[in-house]
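What follows is a short report on a single structure.
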Amino acid sequence: EPFVADEYIERLAWRTPGGGSRGGEAFDPKRLLEEFVNHIQELQVMDERIQRKVEKLEQQCQKEAKEFAKKVQELQKSNQVAFQHFQELDEHISYVATKVCHLGDQLEGVNTPRQRAVEAQKLMKYFNEFLDGELKSDVFTNSEKIKEAADIIQKLHLIAQELPFDSLMGFCYLLSSPGKYHDLECQLIQEFTSAQRRGEIFRMREVAAVLLHFKGYSHCVDVYIKQCQEGAFLRNDVFEDAAILCQRVNKQVGEIFSNPETVLAKLIQNIFEVKLQSYVKDQLEEHRKSDAEQYLKNLYDLYTRTTNLSSKLMEFNLGTDKQTFLSKLIKAIFISYLENYIEVEIGYLKSRSAMILQRYYDSKNHQKRSIGTGGIQDLKERLRQRTNLPLGPSIDTHGETFLSQEVVVNLLQETKQAFERCHRLSDPSDLPKNAFRIFSMLVEFLCTEHIDYALETGLAGIPSSDSKNANLYFLDVVHQANTIFHLFDKQFNDHLMPLISSSPKLSECLQKKKDIIEQMEVKLDMGIDTLNCMIGQMKHILAAEQKKTDFKPEDENNVLIQYTNACVKVCGYVRKQVEKIRNSMDGKNVDTVLMELGVRFHRLIYEHLQQYSYSCMGGMLAICDVAEYRKCAKDFKIALVLQLFDTLHALCNLLVVAPDNLKQVCSGEQLANLDKNILHSFVQLRVDYRSARLARHFS
């Protein structure tokens, strides 16, 4: 522990008798002083002793340092001598190595011709045995030395091919050699086959290495490929079996053959051309002519699984351009089916869509009417003239919109699957064109044959404006058509756009979609005549419920109602129609239609009020009615409509204001900008108008 003087003194005082407490009876300062003096003397003695020991150690350290430095110098001299000896030894070794290399070259120059001569002598001996027709050497008779025999036969075969055919020896050997060459080749292949069945990879590698120089090497590879597939395709999923087989062979083939990528590629080619092609043909030919739906599903499924298998095989080493290699194999299998794929797709989609629609109309016991197919300009002309509405003879749809969510979902689902098949099965160059044809089918059956037909039928079912208790089902048609078109637009963006986004067909599809939207909007705009029916219903309510005595009661002092019965019923009807319009449309269309309805509603009430004469209490009741109409107008949430009713409310004040205040009211903020004739027309409705006083004040 670190030395602390204060603590040391405290401990010393505590151990000394009489030094542990200050000021007490037990405290003895003399004894404590004596103890301190004695302890100081002991410390001085100890210090002198330690100092002598330190000096002694320093002298010893200096002596050892001198001895060590001397020893290091001696070792450096010894190291220099050893380094010189090492250099001399290295030079000597280099000299000897040069001599040895030179001697080795000389020995090799002598030994190589000798070895060649020995090998030539052996070959001549074996050649002589073939000429004699009797093979006596152990290498030919011992089955265990088949590898050496194969090497000899291969060399003799090459020599014989170089000899002139008219040479006696060459002629004789060629007569006798091919049989032995072929027999040995067959033995090697048989040995390879047996080793493969036993699973002896090392033996297979040996035999394959020997056969590499024989003509039958390719046959060895074929045997290997054939035996690999035995028992490999026992399940129903041929694609999974093929992937597992290739995975297993990929691990094994490198241990057997010197060119594993070639062997694996040949195995894959065999699987595609034999197993897969046969399987695909069986699956597709069964439904090709009888069941287009199942045929297209099978084609899509088989092509997808084949390309997925190809993606797995891309992990293996198949040579330099494995992508092209696998693509050619896939194309060879499916080319006859992909050439006319889009025609089958369009034919199926057309028949399937027609069946879905017909089944729906049959379920409604409805026979489709023939609808005129004029262009957009024709529709606009009909809209401009506002003639011939309803279109053709008016029909009673009995509340049926002839639009079905189920039909739409089925059509969109069929088209979605067609887009998916088109994306997978079409050639990249034909993809935009094929996708456009499928889109055209969707437009024809969903937009034209279903939505457009429902709009035409709805327009034909719009009742005349003077009909009583008319049911305005056209707004239900608008609501459902709007919902359906959102689904159509979603499929356009989600499934068609990715297929055509980078092609010239994009602008064509967008234009076609724009034409469809414009055509439907024109027909929806033609349905604005529904508003005439609404106004007609309001007129009917007012005519039936409004009485002349409402605004000129017999007893002015006994009016208990806040507003008339006609006002209550009209406001209730209007609120229902506003809610229906909001539910049927969206976006700016809601505001446009509500503005039109609001303006017509205001005109109706304005003209209606002009038909009556008003007493003072009747005028107050008219103001209450208009105030209620104004509350109803707030539901429109259209500034112009609310402003019109505010002005009408201000006009009604002219019916009750005192004659002396007429000019002041007419010059107010809301009435100052109105034509004087309008103001005059309202003042004329007062019962007391013909009084000289009132006429004088207003003049």
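The values are calculated or read from the model by the stated rules, or taken from the named source; none is laboratory data. Everything numeric here is computed off the predicted structure, so don't read it as measured data. Cβ placement follows ideal geometry from the backbone for every residue including glycine, while neighbour counts extend to all protein chains displayed. SASA here: full protein model, heavy atoms, side chains in, ligands and nucleic acids out. Shrake-Rupley method; radii C 1.70, N 1.55, O 1.52, S 1.80 Å.
Give the range 264-278 a look and list any residue that's open to solvent by 40 Å² or more (accessible area, probe 1.4 Å) and either at positive phi or in contact with a Leu (Cβ under 8 Å, 6 or more places away or on another chain) (or both), or say none.
Initial filter on the range 264-278 (open to solvent by 40 Å² or more (accessible area, probe 1.4 Å)): 266, 269-270, 273-275, 277-278.
If the condition is that a residue be open to solvent by 40 Å² or more (accessible area, probe 1.4 Å) and either at positive phi or in contact with a Leu (Cβ under 8 Å, 6 or more places away or on another chain) (or both), then Gln269, Glu273 are the ones that fit.
Which fully enclosed helices (runs of 4 or more DSSP H) of the range 381-465 have 2 or more residues being modelled with pLDDT of 90 or more, open to solvent by less than 30 Å² (accessible area, probe 1.4 Å) and at negative phi?
Numbers: elements: 405-425, 431-442, 453-460.
Those helices (runs of 4 or more DSSP H) span 405-425, 431-442.
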Matching residues in the range 291-333 (in contact with a Lys or Arg (Cβ under 7 Å, 6 or more places away or on another chain) and not in a helix (DSSP H, G or I)) number 1
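This table checks each residue for (1) open to solvent by 70 Å² or more (accessible area, probe 1.4 Å); (2) assigned by the TED database to the domain that holds Leu594; (3) at pLDDT 90 or above.
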site: His608; (1), (2), (3): no, yes, yes
site: Cys624; (1), (2), (3): no, yes, yes
site: Leu644; (1), (2), (3): no, yes, yes
site: Gln664; (1), (2), (3): yes, yes, no
site: Leu671; (1), (2), (3): no, yes, no
site: Arg686; (1), (2), (3): no, yes, no
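Being under 19 Å from Leu455 (Cβ atoms), modelled with pLDDT of 80 or more, touching a Ser or Thr at 6+ places or on another chain (Cβ under 6 Å) and buried (at least 17 other Cβ atoms within 10 Å of the Cβ), is that true of even one residue in the range 308-331?
Start the filter on the range 308-331 by keeping residues that are under 19 Å from Leu455 (Cβ atoms), which leaves none.
Taking every residue of the range 308-331 in turn, none turns out to be under 19 Å from Leu455 (Cβ atoms), modelled with pLDDT of 80 or more, touching a Ser or Thr at 6+ places or on another chain (Cβ under 6 Å) and buried (at least 17 other Cβ atoms within 10 Å of the Cβ).
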With the checklist (1) modelled with pLDDT under 75; (2) at positive phi in hand, flag the one item Gly199 doesn't pass.
(1)
Pairs please, first residue from the range 487-514 and touching a residue at least 40 places away in the same chain (Cβ under 8 Å), second anywhere and hydroxyl-bearing (Ser, Thr, Tyr), Cβ atoms under 8 Å, 6+ apart in sequence or on different chains.
Gln491/Thr415; His495/Thr415; Lys512/Ser440
When you look at Ser615, is it more than 25 Å from Asp591 (Cβ to Cβ), crowded, with 18+ Cβ neighbours inside 10 Å and hydroxyl-bearing (Ser, Thr, Tyr), yes or no?
yes
Which one of these does Pro260 not meet: (1) modelled with pLDDT under 80; (2) touching a Gly at 6+ places or on another chain (Cβ under 6 Å)?
(1)
Note on the range 336-372: residues polar (S, T, N, Q), open to solvent by 70 Å² or more (accessible area, probe 1.4 Å) and part of a loop (DSSP other than H, G, I, E, B) are Asn365, Gln367, Ser370
Residues (open to solvent by less than 100 Å² (accessible area, probe 1.4 Å) and over 30 Å from Gly18 (Cα atoms)) located in the range 31-56
Ile50, Gln51, Val54, Glu55
Just checking, does the range 240-253 include any residue being touching a residue at least 24 places away in the same chain (Cβ under 8 Å), under 22 Å from Ala332 (Cβ atoms) and of a type in the set (Asp, Glu)?
no
Counted residues in the range 505-526 being open to solvent by less than 40 Å² (accessible area, probe 1.4 Å), among the charged types (D, E, K, R) and over 19 Å from Leu487 (Cα atoms) come to 1
Give all pairs with beta carbons closer than 8 Å in which a residue from the range 268-289 that is β-branched (Val, Ile, Thr) meets a residue that is part of a loop (DSSP other than H, G, I, E, B); count only pairs at least 6 apart in sequence or on separate chains.
Ile268/Leu318; Ile271/Gln229
Considering only the range 549-556, I want to know if a residue exists there that is part of a helix (DSSP H, G or I) and modelled with pLDDT of 85 or more.
no
Taking the condition open to solvent by 30 Å² or more (accessible area, probe 1.4 Å) and aliphatic (A, V, I, L, M), does Leu531 pass?
no
